[in-house]
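Report on the structure given below.
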Amino acid sequence: MSVGTGEDGAVLAALEDGDDAGLPCGAFEQMGTVADAVLYEGYLLYPYRRSSAKNRVRWQFGVLLPRAWVERDGPVTPGISGSADSWYQQTECLLRAPRADAVVRVRVRYLQMQDKQVEEADGDGLHRPVESLRTADGVAHLSFEEAVPRESELVLPLAELVRGGRTAPVGAAGGAESEPLPGGTGRTVRRRREVLAATTVVAEPLAPGLYRLRVRTENTGEAPDTRAPRHEALRQALIATHTLVGGEGVEFVSLIDPPEGLAEQARECRNAFTFPVLGGPPSGTGTADVLLSAPIILPDHPQVAPESPGDLHDAAEIDEILTLRTMLLTDEEKAEARATDPRAARILDRVDTMPREVFERLHGAIRSLTPVPPPAERPAWWQEGGDDGLSPATDTVLVDGVSVGGGSRVRLRPRGRGADAQDMFLEGRTARVGAVFHDVDGSVHLAVTVDDDPAAELHGWYGRFHYFRPDEVEPLGRTVAPEPTGPVGSPGPRSPRPQRPADRPEERRFAGRRFGGRP
């Protein structure tokens, strides 16, 4: 780690992989497993082989490329998540700091692309590049693109940020290393292009002790050829870029579920190609000591499931399924995966040596149990004949004085559940009701298909619906449309038992996936 002093006494630390133990920033370290999962999100996908089609187009999140290359066909449209290539990433958040001597700590993390080129020795002391090379010990060596983790940290007095902000370089130097292969058959050469980038941090006072903090990271490099293919431009890119923000004497306000009185200020924060969430354990106050601004959408207080034995790199992966599939790879497929990338080799080693008790823990997890109510308080579905009279295809429910049932058209108005991407995408869309379901808790849900979904008819036929409460829709028209003629997700005209809608967003608790958070 190299540490230097920037203008006006700002401390700038440039960290190499794993070189952060000496920094007094415990809140950041508590977020380490989540931040690392973000860093390697989509890095290499199952089946982890170079020959797999899905691994020929890589680096999909938080990619910051030279501006001239990104804007060769016009400016990019900013969004809250970083699944589109950009040349900058901007985080705005609300910061509380009652102390005048408060300090803000910003850590920018990303991957730097590294070419791994296998070269064969020709016997005259020269080497020629090859796609693959098998050495005398029977091990195959493949050319591929790897990545090196990079971190830069800024420690800045809040008073200085209010007076105009600070800009500091967060790029990474180029370089090359060579490693001989066994038996003198050749070598592996790893090369990196220089990455030029800068981060600007500014604070704007909103009220006594309340500030809007802006962290903006830009790729400042020049693209030699704006028409170069993407894989060439990636050599100058920041990949999987994300930011951790903490400090001393500061706390951060949730933008998903802000405390009372701060909703308007939270809505005015503008985030581009990133999504900031609170880190650490939930406090119940809507605030936290650390904030993670990631290029993927997460809930406040994300955490890696305690049952998860390690990274698999697939988005919010279901560990059990991927572990089982990895176990089923042939010896030849495993050999190729090991030769593709060292991280793939570590995944295979972990799966091949996983103890039975560790694997068994992956098979579902119960986070909490609701006590069984006494008989007098049990809902109707507990009682004999409680299902009588229920018919999802013909049942209706009143919504704003309108009878809504199978065939009705509605506009979707989901109630905010924070970082639920389904709600964000479906807000304001029109839909057709397929059925009315009563769940085991006595609640009513409308099963709908979205009008502009090209597969809506197919979803309706197979009973694959989105589920919304009656207060989350607006009726379109004053009468119920004719009863649908196709299946509505039940085995017959009557439901054998009220079902909890499994697809409803708030019913998903990320059980068995790497990312979880506060429900």
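Coordinate-derived values only; no laboratory data. Just so it is clear, the model here is predicted, and its values are computed rather than measured. Positions of Cβ are backbone-derived with ideal geometry, glycine not excepted, and every protein chain shown enters the neighbour counts.
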> On full extension of the chain, what length is gained from SER391 through GLU264, given 0.36 nm per residue of separation minus the C-alpha to C-alpha distance?
Replying inline: 41.4 nm
> How far apart, in nm, are two points set 7 Å out from the Cα along the Cα-to-Cβ line at ARG325 and at TYR40?
Replying inline: 1.7 nm
>> Expected output is a single nm value to one decimal: the length gained when fully extending between VAL358 and THR135, i.e. 0.36 nm times separation in residues minus the C-alpha distance. What is it?
In response: 76.7 nm
>> Show me, for region 82-88, the HN-Hα J-couplings you get by feeding each phi into the Karplus relation (A = 6.51, B = -1.76, C = 1.60, θ = phi - 60°), rounded to Hz, glycine and proline as x.
In response: x, 8, 10, 5, 8, 10, 8
> At what distance in nm do the modelled label points of LEU206 and ALA335 sit from each other, each positioned 7 Å from its Cα along Cα→Cβ?
Replying inline: 6.0 nm
>> Using alpha carbons only, how many angstrom separate the centre of region 240-259 from the centre of region 167-212?
In response: 23 Å
> From a point 7 Å beyond the Cα of ASP122 in the direction of its Cβ, which residues of region 131-158 have a backbone N at a distance under 16 Å?
Replying inline: 131
> Between ARG230 and VAL162, what FRET efficiency comes out of the Förster formula 1/(1 + (r/R0)^6) with R0 = 41 Å and r the beta carbon distance, rounded to 0.05?
Replying inline: 0.55
> Counting other C-beta atoms within 10 Å, which of LEU412, LEU324 has the fewest, and how do the rest follow?
Replying inline: LEU324, LEU412
> How do 102-112, 196-206, 354-364, 69-79 rank on mean C-beta neighbours within 10 Å, highest first?
Replying inline: 102-112, 196-206, 69-79, 354-364
>> At 7 Å along Cα-to-Cβ for each site, give me the label-to-label distance between ARG411 and GLU377 in nm.
In response: 4.1 nm
